[in-house]
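A short worksheet on the structure shown next.
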Amino acid sequence: MIEVNLNPVSMIAGTGSYTPGKILTNADLEKMVDTSDEWIRTRTGIRERAIVENGTVTSDLCKEAALKALEEAKVLPKNLDAIIVATITGDVRFPATACYVQEKIGAVNAVAFDLSAACSGFIYALAIADNMLKAPENKNILIIGTEILSSITNWKDRNTAILFGDGAGACTIKKSDGKSGILGTYIQSDGRLSKLLTMQAGGTKYPDPKDITDEKLKYISMEGREVFKHAVKKMVDAAKLIIREVGLKNSDIKLLIPHQANIRIIEAVAKKIKIPMEKVFVNVDKYGNTSAASIPIALDEARKEGKINKEDICLMVVFGGGFTWGSAVVRF
Ligand code: COA
C-alpha cells in the first residue's frame with residue numbers, strides 16, 4: 001500500500017526515546033553462550049544492547065518516550081486524539097499496551113490501540129496516523145514503537161541472543177504547518193514467509209504453555225541467512241519505490257534512517273540505493289535490534305545530534321517478521 005501526499009496533511013512535530021539503563025555487552029554474552037565479541041561485531045556491528053530490569057513493562061518505556069515527544073511538540077496528553085503503540089511484546093495479552101500508556105500519561109480523550117507488524121510496526125503506525133489526520137476533526141496523534149525483546153529471547157541460543165535489545169521511541173504527529181510534512185509512506189506484507197522469523201508461543205495455537213514441549217517455540221526463532229537476504233531486497237525495493245513515487249532524487253535526501261538490525265544489512269541497502277554511508281544513521285552498535293523501537297529511537301537520536309534540521313528530508317526504511325516491510329519520506 002502506497003500513499004503519496006502532494007500537499008502533506010501531517011508532520012512529525014516531536015520525537016522522544018527511552019532505553020533502559022542496564023547494558024548487556026558482547027563480553028557479557030561471551031559468558032552466556034558460545035560466541036565472541038569479535039564474531040558479534042564483525043557479523044552484526046553490535047557492541048552492546050540495553051535490557052530492562054525485572055518488573056519493568058513495555059508501557060513504562062512508552063511513557064518515558066511519549067512524554068518527551070509530546071513536550072517537544074507542545075501537545076498536552078489530553079489533546080491527543082489517538083495513541084498507536086507498535087509492539088510484539090505488549091504488557092499483557094489484552095488490553096492493548098496503548099491503553100496502559102493512555103492511563104499513564106493521562107490522555108483521557110484518545111482512542112488507544114496496538115499494532116502488530118514486528119520490526120516494521122513504527123512505519124505502519126506512521127502511515128496510519130497520517131491517514132487518520134486527513135479527517136479535519138483529528139489533530140494530534142502519538143505513535144510509539146516499543147519492545148522488550150529480552151522477554152522473548154532464548155538466552156541459550158547464540159543465533160538470536162546476540163541480536164536483540166529493549167527500548168521505545170515516540171513521535172507526536174500533528175497537522176502540517178505547510179512546510180514540514182509526511183511526503184509519502186509505503187507498507188507491505190508477505191505472510192507466505194512468516195515461518196522464517198516467528199515466535200509461536202503466546203497465542204491461540206498453544207493456549208496452554210504446558211503444551212509446549214519444544215523449547216524453541218517459546219522464543220524468537222529465525223532463519224538468519226534467509227532473513228538477511230529478504231531484508232536487503234525488500235528494503236532496497238521499498239526505498240527505491242518511495243523515492244520514485246514522491247519524485248525525489250537521492251541528493252534530496254539528507255539522512256537515511258534504516259531499520260537497525262545488522263550493520264551488514266544497512267551497508268548493503270545503502271550501497272544498492274546509492275546513498276553514501278555518511279548520510280546513513282547508525283546506532284545498532286549501542287542497542288542491537290529493538291524491532292518496532294529501532295527507527296523511532298534512531299530518528300530521535302539523529303534529531304538530537306543535529307543530523308536532521310528544519311526542512312531536511314529524511315528517508316526511513318524497514319523490514320521485519322511477517323514478513324513486513326515499508327518506507328517513509330518525511331520533511332522536517
Ligand atoms: N557466535 C559465534 N558463531 C556463531 C554465532 C554466534 N553468536 N551465531 C552463529 N554462529 C555460527 C554458525 O553456527 C555458523 O557456524 P558453521 O559455519 O559452523 O555452521 C557460522 O557462525 C555462520 O553462521 P551464519 O548463520 O551463516 O552467519 P551469518 O553471517 O549469516 O550471520 C546473523 C548470522 C544472524 C548475524 C545474520 O544471518 C543476520 O543478521 N540475519 C538477519 C537477522 C535479522 O536482521 N533479523 C531481524 C530482521 S528484522
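At a glance:
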read-out: Any chance D114 is in contact (Cβ under 8 Å) with a residue 24 or more places away in the chain, within 25 Å of T56 (Cβ to Cβ), of a type in the set (D, E) and away from the ligand (no atom under 16 Å from the Cβ); value: yes
read-out: Candidate set: region 276-302, residues that are of a type in the set (A, V, I, L, M) and open to solvent by less than 10 Å² (accessible area, probe 1.4 Å); chosen: the one farthest from K229 (Cα to Cα); value: A302
read-out: Residue selected from region 248-262 under the condition in contact (Cβ under 8 Å) with a residue 60 or more places away in the chain and surrounded by fewer than 17 Cβ atoms within 10 Å (Cβ to Cβ), by the criterion nearest to W39 (Cα to Cα); value: D252
read-out: Sole exception among (1) within 29 Å of I308 (Cβ to Cβ); (2) away from the ligand (no atom under 16 Å from the Cβ) for I46, by number; value: (2)
read-out: Test: residue in region 197-210 that is within 15 Å of the ligand (Cβ to nearest atom), touching a helix residue (DSSP H, G or I) at 6+ places or on another chain (Cβ under 6 Å) and either without any contact (Cβ under 8 Å) to a residue 40 or more places away in the chain or closer than 19 Å to P296 by Cα (or both); value: no
read-out: Count of residues meeting criterion [of a type in the set (A, V, I, L, M, F, W, C), over 14 Å from L163 (Cβ atoms), surrounded by fewer than 19 Cβ atoms within 10 Å (Cβ to Cβ) and touching a helix residue (DSSP H, G or I) at 6+ places or on another chain (Cβ under 8 Å)] in region 10-60; value: 2
read-out: Index of the failed condition, I242 passing every other in (1) buried (at least 17 other Cβ atoms within 10 Å of the Cβ); (2) over 25 Å from G178 (Cβ atoms); (3) more than 16 Å from the ligand (Cβ to nearest atom); value: (2)
read-out: Any chance I265 is within 12 Å of the ligand (Cβ to nearest atom), open to solvent by 10 Å² or more (accessible area, probe 1.4 Å) and over 18 Å from G121 (Cα atoms); value: yes
read-out: Filtered residue count, region 119-148, keeping only those that are part of a loop (DSSP other than H, G, I, E, B) and either open to solvent by less than 10 Å² (accessible area, probe 1.4 Å) or of a type in the set (S, T, Y) (or both); value: 1
read-out: When residues of region 304-332 are limited to those that are away from the ligand (no atom under 16 Å from the Cβ) and closer than 22 Å to I128 by Cβ, the one surrounded by the fewest Cβ atoms within 10 Å (Cβ to Cβ); value: I313
read-out: Matching residues in region 170-212 - criterion: being of a type in the set (S, T, N, Q), part of a strand (DSSP E or B) and under 17 Å from V329 (Cβ atoms); value: T185, Q188
read-out: Subset of region 149-178 (residues that are open to solvent by 10 Å² or more (accessible area, probe 1.4 Å) and touching a Leu at 6+ places or on another chain (Cβ under 7 Å)); value: F164, K175
read-out: Long-range neighbours under 7 Å by Cβ, at least six apart or interchain, first residue more than 12 Å from A50 (Cβ to Cβ) and away from the ligand (no atom under 13 Å from the Cβ) within region 270-298, second open to solvent by 60 Å² or more (accessible area, probe 1.4 Å) and assigned to a helix (DSSP H, G or I); value: A270/M277; I273/K240; M277/E267
read-out: Residues of region 158-167 that turn out to be outside any strand (DSSP E or B) and either within 16 Å of V52 (Cα to Cα) or in contact with a strand residue (DSSP E or B) (Cβ under 8 Å, 6 or more places away or on another chain) (or both), as a count; value: 6
read-out: Close pairs from region 1-29: first closer than 17 Å to I143 by Cβ, partner acidic (D, E) and open to solvent by 20 Å² or more (accessible area, probe 1.4 Å), Cβ under 6 Å, at least 6 apart; value: G14/E72; Y18/E64
read-out: Pair list, Cβ under 6 Å, 6 or more apart: region 221-239 residue farther than 27 Å from A201 by Cβ, other residue assigned to a helix (DSSP H, G or I) and not β-branched (V, I, T); value: V232/A268; V236/K272
read-out: Some residue of region 89-108 being open to solvent by less than 30 Å² (accessible area, probe 1.4 Å) and within 16 Å of the ligand (Cβ to nearest atom); value: yes
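The values are calculated or read from the model by the stated rules, or taken from the named source; none is laboratory data. Just so you know, these numbers come straight off a predicted model, no measurement behind them. Counting neighbours? That spans all protein chains shown, and the Cβs are built from the backbone with ideal geometry, glycine included. Accessible surface is based on the protein model in full, side chains and every heavy atom, while ligands, DNA and RNA are left aside. Shrake-Rupley method; radii C 1.70, N 1.55, O 1.52, S 1.80 Å.
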